[in-house]
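Novice: Starting off with a structure, shown below.
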Amino acid sequence: MKIGALEAGGTKMVCAIGDENGKIEKRVSYPTQTPQETIPQIMEFFGNEGIQALGIGCFGPVELNRKSPVYGYITSTPKLAWANYPMAGTFAKALGIPVGFDTDVNGAALGEVVYGAAKGCDTAIYITVGTGVGVGVYANGALLHGLVHPEAGHMLITRRHGDTYRGKCPYHENCLEGLAAGPAIMERWGKPAAELADRKEVWELESDYLAQAVANYILTLSPQKVVLGGGVMHQEQMFPLVRKKVQEKLNSYLQNDTIQNHMEEYIIPPALGDNAGITGALLLGLQEFGKLAVR
Ligand code: ADP
Ligand code: ZN
């Protein structure tokens, strides 16, 4: 069986062909320009492959309510050329196949639950710390949508005393993305995050902000695994810091063996690495086709 996968990002569109076992056989990537420029390239790629379904993990915000007249649209994105663009419908119409559609991070969460670090969990979260911060939530055996979809990268957090950086988010003075995503690190410290590897104070502050949010996600969603990925998390020295700080912030309130004694198995990098998103998109296609047992 041939399934198409599209990881639609603000910078690039990754297109892949895979099978019902999650194996990716072929992949290409196009820079994200305007829909007029980029969609025909993607369409040409998939149009020639004879795929039976397509899954799209998409940057957002997006509309996931199937009853809405704008289901499958990218809605209010700051990438203006893509605002109000009917992403799922355009492909469903042109290719005449089922199209699964969800946020990029929900897709990645699904990938990690089915094949990766959260395999077998019925509730788990996937957090990406990259150009932005995004959180995908798989709860009680299904991807969480709710009113809109989780936007937990914008969780409001308490600014560390003495951190005078004004924050990068145009909406919130002190949200996680604005204080801790890659561009915020660069602006606060004057260098790209990757070049700050040996600056202890950078990762101490960064892991503190991440730990605040992760503690809140744990208290709210009760995940069985917390998968922490994205470009910034290539700084692996942060994992032990985040684990320790989460424990400190929870302060033994949760009398749970995993939280108290096995943090190294609980807050973990994605097992699919940078493939979590595209594998998740493939699974969204399979799910829409009715071939995936998890919802
Ligand atoms: P995106 O979020 O755009 O999908 P990434 O997850 O790769 O892409 O995130 C890009 C961000 O990650 C950039 O802000 C970059 O500075 C940061 N980044 C990339 N590699 C590293 C690294 N090795 N260490 C720290 N930060 C990194
Ligand atoms: Zn924000």
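The values are calculated or read from the model by the stated rules, or taken from the named source; none is laboratory data. If you're wondering where the values come from, they're calculated on a predicted model, not measured in any experiment. All Cβ positions, even for glycine, are placed from backbone atoms using ideal geometry, and neighbour counts span all protein chains on display. Side chains are part of the model used for accessible areas, which takes the heavy atoms of the whole protein and leaves out ligands, DNA and RNA. Shrake-Rupley method; radii C 1.70, N 1.55, O 1.52, S 1.80 Å.
Novice: If the elastic network links every pair of Cα atoms under 10 Å, which of Pro98, Pro170, Pro40 fluctuates the most in the Gaussian network model of the chain?
Specialist: Pro170
Novice: Moving on to the next point. With every protein chain left in place and a probe of 1.4 Å, what is the accessible surface of Cys121, to the nearest 10 Å²?
Specialist: So the heavy atoms of Cys121 present about 20 Å² to solvent.
Novice: Please sort by residue number the chymotrypsin sites (Phe, Trp or Tyr not before Pro) in region 152-200 whose DSSP state is loop and whose Cβ has at most 13 other Cβ atoms within 10 Å.
Specialist: Tyr171
Novice: While we're on this one: Full extension from Lys291 to Arg199: what is 0.36 nm times the residue separation minus their Cα-Cα distance, to one decimal in nm? Write out the running numbers ahead of the final one.
Specialist: Details: separation 92, 0.36 × 92 = 33.12 nm, distance 4.75 nm.
Length gained between Lys291 and Arg199: 28.4 nm.
Novice: Suppose R0 equals 45 Å. What FRET efficiency, 1/(1 + (r/R0)^6) with r the Cβ-Cβ distance, do Glu248 and Arg27 give to the nearest 0.05?
Specialist: In this case the efficiency is close to 0.65.
Novice: If you average the sequence gap of Cα pairs under 8 Å that are 6 or more apart and divide by the length of region 109-256, what percent do you get for the contact order?
Specialist: 27 percent
Novice: Let me ask you something else. If you count only protein heavy atoms with a 1.4 Å probe, what accessible area per residue comes out for region 163-225, rounded to a whole Å²?
Specialist: Here the residues of region 163-225 average 48 Å² of exposed surface.
Novice: Check which residues have an amide H placed less than 5 Å from Phe101's amide H, if you skip close sequence neighbours.
Specialist: For Phe101, whose amide H was placed from the backbone, the distant partners under 5 Å are Ile56.
Novice: Round to a whole angstrom and tell me the spacing of the C-alpha centers of region 152-185 and region 2-37.
Specialist: Taking the Cα centre of each part, region 152-185 and region 2-37 sit 31 Å apart.
Novice: So, one more: Express the relative contact order of the chain as a whole percentage, based on alpha carbon pairs under 8 Å and six or more residues apart in sequence.
Specialist: Details: 616 pairs, mean separation 66.3, N = 295.
Here the relative contact order equals 22 percent.
Novice: Moving on. Given the Cα-Cα distance of Leu219 and Arg66 and 0.36 nm per residue of separation, how much length would full extension add, in nm? All intermediate terms of the calculation are to be shown ahead of the outcome.
Specialist: Numbers: separation 153, 0.36 × 153 = 55.08 nm, distance 2.94 nm.
Residue separation times 0.36 nm, minus the Cα-Cα distance, leaves 52.1 nm.
Novice: Stretch Glu173-Asn84 to full length: gain in nm at 0.36 nm per residue minus the Cα-Cα span?
Specialist: 29.4 nm
Novice: Could I ask something else about it? R0 = 25 Å: FRET efficiency of Asp19 with Glu265, Cβ-based, nearest 0.05?
Specialist: According to the calculation, E is roughly 0.25.
Novice: Where the Cα atoms of the chain are projected onto their three principal axes, how long is each span, largest first, in whole Å?
Specialist: 54, 40, 35
Novice: Cut-off 10 angstrom, C-alpha nodes, Gaussian network model of the chain. Which of Arg159, Arg243, Arg66 fluctuates the most?
Specialist: Taking springs between Cα atoms under 10 Å, the residue moving most is Arg66.
Novice: To the nearest µm²/s, what D does Stokes-Einstein give for region 25-178 at 10 °C and 1.306 mPa s, using the Kirkwood radius over alpha carbon pairs as Rh?
Specialist: For these conditions, the coefficient is 92 µm²/s.
Novice: Is there a pair in Lys2/Lys26; Lys67/Lys119; Lys200/Lys244; Lys26/Lys225; Lys2/Lys119; Lys67/Lys291 whose C-alpha atoms are over 19 Å apart, and which pairs would that be?
Specialist: With Cα atoms farther than 19 Å apart: Lys67/Lys119; Lys26/Lys225; Lys2/Lys119; Lys67/Lys291.
Novice: Still on this structure: For region 13-144, what % of the accessible area comes from carbon and sulfur atoms, probe 1.4 Å?
Specialist: The computed percentage sits at 51.
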